[in-house]
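Asks: The structure under discussion is supplied below as structure tokens; questions concerning it will follow.
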Amino acid sequence: MNRLLNDDFKEQVRSRTDLLSLVGESVALRPQRGGRDYVGLCPFHEDHNPSMHVYTDRQSFRCWVCDAGGDCFSFVMLRDRVEFREALELLANRAGLEMPKQLRPGPAGPTVDAKQKMYQVVAWAEQQFHEFLLESPTALRARKYLRDRGISDESMVRFRLGFHPDEWEWLIGRARGKYTIAELAGVKLVKEREGRGGWYDCFVDRVLFPIRDAQRRPVAFGGRVMPDSRYADGPKYLNTDEYPLFLKSKLVYGLDEARETISKSDTVVVTEGYTDCIMAHQFGLKNVVGTLGTALNDNHVSLLKRFARRVILLFDGDVAGQKATERALVKFLSQEIDLRTLTLPGGQDPADFLMAQGAEALRGLLTQSVEAWEYKYRLVVERYGVDSIDSRHRILQEMLEILLEVPAAEGAGLAAKWREREQIILGRLAQRLKVGEAFIRDRLRDLRQARQQRGEIPRPVEFATGNRPGGTTAPATTPVLTIPPLPKFPTRDEQAELDLLLALFAHPEQAELAAREVSPAEFQHVGLRRLYELCLLTLAGGQSPSFERLTLQIEDLALSRLAVEVDERARQAAPRPELLRHLLEYYRRKRELEMHSTEPVHELAEEPIAAVPGPATPEALDEMAKQRLRRAMKLHASRARRPSGMAQPGESNDAHV
């Protein structure tokens, strides 16, 4: 895509996004400095003393403790753990802007207006269901059912639970004059009757659990049929059919309530259903989410990885729960994630266990959760035993079958890390089964080759490297820019690099002077070098490299954070315009010194030391030493002839901020 068009659209999105309002959606802010600076508790670390600053005049933010910082795009990337393009799309939708075709992944979906209408219809339906549950006498049996399950009235309100009565056109009737049948059908709230014509509601006589996306917007419903319903013989649970806003494979239940605690604890607990998730939150376990009646898949793994390094699968202790855990194992195995499992005793589900044993008992068990690989090994040992050759052969075969689901991959990043993990697993397996590790490795290779010959090759793992936005990842083929922090005790050269950026951030109109004198190659700090390169690129495009213009070109969180830090330092220091002149003189003298320090050596290198005739006696060696001394004196004299008054790098000068 044309870079200027891309930057123009990003500027359009940013200009329609008030950062104060955006941050204020999740952080309580109070004004300082006459309203130019707002401060609040940082949501990206355990903050007890407000350290998050929002600068309204620059539309930037920075935490002075954890160094999180950037613009509106950076904030969404950190808050929602998404890549830049997703943050751009989220903010574009928030601002009511259509994404350019060149930026849309895959086939075109609904327009922004159409999406907004869908969100509006689902939110309206959620309100109808929720109010009916809380207020209608008809919903008394639904309220009693939820209370009997242990769900409190407070949790019903917090999770916006609802109820649809036993009427086939109840929602259609309420929508009359407000939303059309087509609009209700577009979000899968109603269906057309087959053969007879007409339409009917989808969730008749069901308790409803609203399903929200990462931005806390309701997009779908999970419906549990009432136990005493005349439709109890039908599906026990029924989810909204998929449509553009709702893909079951990309969402988990309760993430909107849990994500802050998940991020802070770096641990997410996954349960099988809505009730288990709600009960966990009700008992104070706030980092719990639930699946949506579907098996965990690669998209779920990618979603959970954004928020936490450790995932604990807390499935029911019955046979179905054990099978669900085993199926999930392979999805996480190749990922750089600590997967653990916990099966509750007696086949209990988490909700029943909490009611019987309480939160502390469950917390204690969670700390004892075992690695998923160990869990699988224990299951197959329980299944086959280890006393015979046949049982050990079965265990080996079943354990290797899991590894076969992860394709062998070459390269660096997670591919290399997976090879390391595989070696550890094979070593453990050899030790447990008392079989040679080389034999197991050869057996795995033979099984992989046999699969390839049969064409049964698993889908390649998309190995990636990079930093989470908190987890954002980048393709392994994309070089990751590792940006170190600014040095606390900089050398003279390091200080000059920073001072040059401070001067340009304070006086961007001086960039052309700097461009004529200083090359990016003269920068040692990789982050400052990249910022200076962006200044020159912006200048080459005919624009002044202002802070606002530079940040439009930055899609990397670490670089955005550095840009905000440099900008804030420049604002605090308020460097004088003449600073740049001193810095350019510094760089000129530095280059001149480097020339003077090398030229004499080259000249003298052309004057070989004359060999002293005769044997290598001490007197002859003394004569050669004298020649070397004369050459050193000549070099010193040549350096002394440099122009007077030249301040050298490392010496004091008056180019202070």
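The values are calculated or read from the model by the stated rules, or taken from the named source; none is laboratory data. Keep in mind that this is a model prediction, so the values were computed, not measured. Here the Cβ positions follow ideal geometry from the backbone for every residue, glycine too, while neighbour counts run over all protein chains shown. For accessibility, only protein heavy atoms count, side chains too; no ligands or nucleic acids. Shrake-Rupley method; radii C 1.70, N 1.55, O 1.52, S 1.80 Å.
Asks: Would you mind getting me the FRET efficiency between Arg571 and Lys178? Use the beta-carbon distance for r and R0 = 56 Å, nearest 0.05. Each step should come with its number before you reach the end.
Replies: Numbers: r = 50 Å, r/R0 = 0.89.
Approximately 0.65, to the nearest 0.05.
Asks: Okay, moving on. Gain in length, Arg591 to Ser388, computed as 0.36 nm per residue apart minus the alpha-carbon separation, to one decimal in nm? It would help to have the intermediate numbers written out before the result.
Replies: Details: separation 203, 0.36 × 203 = 73.08 nm, distance 7.68 nm.
In short, 65.4 nm is gained.
Asks: Mind giving me the nanometre distance, one decimal, between the label points for Val381 and Asp233, set 7 Å out from Cα along Cα→Cβ?
Replies: With each label point 7 Å from Cα toward Cβ, the separation is 4.8 nm.
Asks: Output ³J(HN,Hα) for segment 441-452: one whole-Hz value per residue in order, computed from phi by the Karplus curve 6.51 cos²θ - 1.76 cosθ + 1.60 with θ = phi - 60°, and x for Gly and Pro.
Replies: Karplus-based 3J(HN,Hα) across segment 441-452 equals 5, 5, 5, 5, 5, 5, 5, 5, 5, 5, 5, 4 Hz.
Asks: Let me ask another. Using every Cα-Cα pair within segment 8-54, state what percent have a distance larger than 14 Å. Please list the in-between numbers first.
Replies: Working: 579 of 1081 pairs.
Cα-Cα pairs in segment 8-54 separated by more than 14 Å: 54 percent.
Asks: Same structure, new question: Please list the non-local residues whose amide H lies under 5 Å from the amide H of Trp64, H modeled 1.01 Å from N, same-chain partners needing a gap of 5 or more.
Replies: His53
Asks: Counting only protein heavy atoms and using a 1.4 Å probe, what share of the accessible area of segment 133-194 belongs to carbon plus sulfur, as a whole percent? Mind dumping the intermediate values first?
Replies: Values: 1610 of 3310 Å².
The value for segment 133-194 is 49 percent carbon and sulfur by accessible area.
Asks: Enumerate the whole-percent occupancy of each 5 Å bin, from 0 to the last occupied one, for all C-alpha pair distances of segment 27-139.
Replies: Whole-percent P(r) values from 0 Å outward: 2, 10, 14, 14, 13, 11, 13, 13, 7, 2, 1, 0.
Asks: Can you tell me the order of 191-198, 18-25, 355-362 when each peptide is scored by its average per-residue count of other Cβ atoms within 10 angstrom, highest first? All intermediate terms of the calculation are to be shown ahead of the outcome.
Replies: Values: 191-198: 8.8, 18-25: 15.9, 355-362: 13.6.
Highest mean packing first, the order is 18-25, 355-362, 191-198.
Asks: Same structure again: Compute the FRET efficiency between Glu169 and Leu20 as 1/(1 + (r/R0)^6), taking r as their Cβ-Cβ distance and R0 = 41 Å, and round to the nearest 0.05. Write down the numbers at each step before the final one.
Replies: Values: r = 45 Å, r/R0 = 1.10.
It comes to 0.35.
Asks: If you average the sequence gap of Cα pairs under 8 Å that are 6 or more apart and divide by the length of segment 40-98, what percent do you get for the contact order?
Replies: Values: 60 pairs, mean separation 11.3, N = 59.
RCO, segment 40-98: 19 percent.
Asks: Largest first and to the nearest Å, give the Cα extent of segment 332-397 along each principal axis.
Replies: Answer, in whole Å and largest first: 44, 31, 15 Å.
Asks: Still on this structure: To the nearest Å, what is the center-to-center distance of segment 509-529 and segment 172-226, using C-alpha atoms only?
Replies: 59 Å
Asks: Stretched out fully, how many nm does the piece from Leu486 to Arg147 gain, at 0.36 nm a residue minus the Cα gap?
Replies: Values: separation 339, 0.36 × 339 = 122.04 nm, distance 5.59 nm.
Roughly 116.4 nm would be gained on extension.
Asks: How large is the accessible surface per residue of segment 115-157, computed with a 1.4 Å probe and reported in Å² as a whole number?
Replies: Accessible area per residue: 48 Å².
Asks: Arg340's amide H: which non-local residues (gap 5+, or another chain) put their own amide H closer than 5 Å, with H modeled 1.01 Å from N in plane and none for Pro or chain starts?
Replies: Distant-sequence amide H within range of Arg340: Val311, Ile312, Leu313, Ala372.
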